[in-house]
1. For LEU408, work out the one condition from (1) assigned to a helix (DSSP H, G or I); (2) under 30 Å from GLY284 (Cβ atoms); (3) touching a Phe, Trp or Tyr at 6+ places or on another chain (Cβ under 9 Å) it doesn't fulfil.
2. Scan the range 67-79 and give yes if some residue there is without any contact (Cβ under 8 Å) to a residue 40 or more places away in the chain and either touching a His at 6+ places or on another chain (Cβ under 7 Å) or assigned to a strand (DSSP E or B) (or both), otherwise no.
3. If you check ARG159 against the conditions, is it under 22 Å from CYS361 (Cα atoms), assigned to a strand (DSSP E or B) and at pLDDT below 90?
4. Would you say GLU128 is assigned by TED's automatic domain parsing to the domain that holds ILE158 and touching a Lys or Arg at 6+ places or on another chain (Cβ under 7 Å)?
5. Quick check: is even one residue across the range 6-29 in contact with a Phe, Trp or Tyr (Cβ under 7 Å, 6 or more places away or on another chain), surrounded by 19 or more Cβ atoms within 10 Å (Cβ to Cβ) and more than 15 Å from ASP154 (Cβ to Cβ)?
6. For the subset of the range 92-102 comprising residues that are out of contact with any Lys or Arg (no Cβ under 8 Å at 6 or more places or on another chain) and assigned to a loop (DSSP other than H, G, I, E, B), which member is surrounded by the fewest Cβ atoms within 10 Å (Cβ to Cβ)?
7. For the range 234-293, give me the residue count where each residue is without any contact (Cβ under 8 Å) to a residue 24 or more places away in the chain and in contact with a Leu (Cβ under 7 Å, 6 or more places away or on another chain).
8. Modelled with pLDDT under 95 and either in contact with a helix residue (DSSP H, G or I) (Cβ under 6 Å, 6 or more places away or on another chain) or in the same structural domain as LEU9 (by TED's automatic domain parsing) (or both) - does that describe any residue in the range 89-96?
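The values are calculated or read from the model by the stated rules, or taken from the named source; none is laboratory data. Everything quoted here is computed from the prediction, not taken from an experiment. Quick reminder, even Gly has a Cβ in these numbers, built from the backbone with ideal geometry, and neighbours come from all protein chains shown.
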Amino acid sequence: MTASRTVELEGHIIDSGMMQQAFGIVMDMGGNFDVEQFEVGTHKQAESYCRMAVFADTETELMEILHELHQIGANLTDPVDAHLERAPADRVVPTGFYSTTNHPTQVRYQGEWIDVENIEMDCAIVVEDGDDGPPRAYTKVLNAVREGDMIVTDEAGIRVDPPERPRDSSGPFGFMQGGVSSERPSESLIRQIADAMRTTKEAGGKILVVAGPALIHAGAGDELARLVREGYIDMLSAGNGFAVHDIERGLYGTSLGMDMETMEHPRKGHKHHIYTISEVIRAGGIAEAVDEGLIREGVMYECVENDVPYVLAGSIRDDGPLPDTITDAVEAQNAIREQAHEADMVLMLSTLLHSVAVGNCLSSTTRVVCVDINPATVTQLLDRGSSQAIGMVTDIGTFLPMLAEEILADDVEAVEEVDANDD
């Protein structure tokens, strides 16, 4: 084997499986390796270190192996600057550009390591000199690349730091260790999710909810509206269908024409959603419909009344759509991306497409909870790279009322305690 480079892994690389995964990548891709240094952490908080030489028959094969190693946090030991090339045209990146992971990343530029801003997967890294400050490095989706942008290429001069699994379940977010199960103790996990939400809010963080129309259809709309009203939800990302279901329920008591109380289909109920869209269009939008008293309850009502920003991303199958729905796909992506970059915790509730879309925009350090009755929704999110997410396979109509009760019950107890002390 004629081509070789040296990489290093550090952290909890044994119990997290990183070292074993690195060995497997090299061998599965036809390479070889030689462990030059290995230091084992001897207590729970101690980190381990491994430096190994990686070999391949050709430079091309070696670069492919190094790229895969980069994805799991193995970094080159060479202290060299990142390779930069100018974008030859708008939306065109240089051949061999570095495609990002969603893990915290640094690039070496002019002898200094720079944190990459707004890290997310499947982007290019742009480096630019600051006019009055230090240089910057940040991600750009391909359609945002402009001619002349300095784009990072190759794997050299790049460090990736994937978040590690906690060794135990201690701490407010220790339960978030990834994976999918329908057999977990729901009450216990919901209690931990509630604690995580409270901790996020107490620390000044923001919680984003990604919701699908099934949430309304399953009868969980009131609980989500309460969480918005009580200040536990800071942003909402959904589609046209979610907003239509929610507003239809407030206007007609139905969701997709089904009476939410009797579960029956009233006469002309199948037309309620299109009547709803028509009335909101007539008013000029959701906020305008709230202002004139047309919309008096529901999730969208609470978002307007409590200044909670929402993004409604359109799709090819939308009826109407509502005036607030963003029908340009790129514009909708950018709006979702802005929310994702602000979020410290994300609840993904009964929506496959929006969960994956938002997940693609998140850093791996953002805490994610995905709840769906369909296991494929949760597993697909993890398979797309959102490995930090935990998944609950359960009915959203059961989960959300339990979560709201867990969170809001503590608030009621706190108020009662204050009142008792005042007396």
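1. Against the list (1) assigned to a helix (DSSP H, G or I); (2) under 30 Å from GLY284 (Cβ atoms); (3) touching a Phe, Trp or Tyr at 6+ places or on another chain (Cβ under 9 Å), LEU408 comes up short only on (2).
2. Scanning the range 67-79 turns up no residue that is without any contact (Cβ under 8 Å) to a residue 40 or more places away in the chain and either touching a His at 6+ places or on another chain (Cβ under 7 Å) or assigned to a strand (DSSP E or B) (or both).
3. Numbers: under 22 Å from CYS361 (Cα atoms): yes; assigned to a strand (DSSP E or B): yes; at pLDDT below 90: yes.
For ARG159, the condition - under 22 Å from CYS361 (Cα atoms), assigned to a strand (DSSP E or B) and at pLDDT below 90 - is met.
4. yes
5. Yes, the range 6-29 contains at least one residue that is in contact with a Phe, Trp or Tyr (Cβ under 7 Å, 6 or more places away or on another chain), surrounded by 19 or more Cβ atoms within 10 Å (Cβ to Cβ) and more than 15 Å from ASP154 (Cβ to Cβ).
6. THR95
7. Matching residues across the range 234-293 total 1.
8. No - not one qualifying residue is present in the range 89-96.
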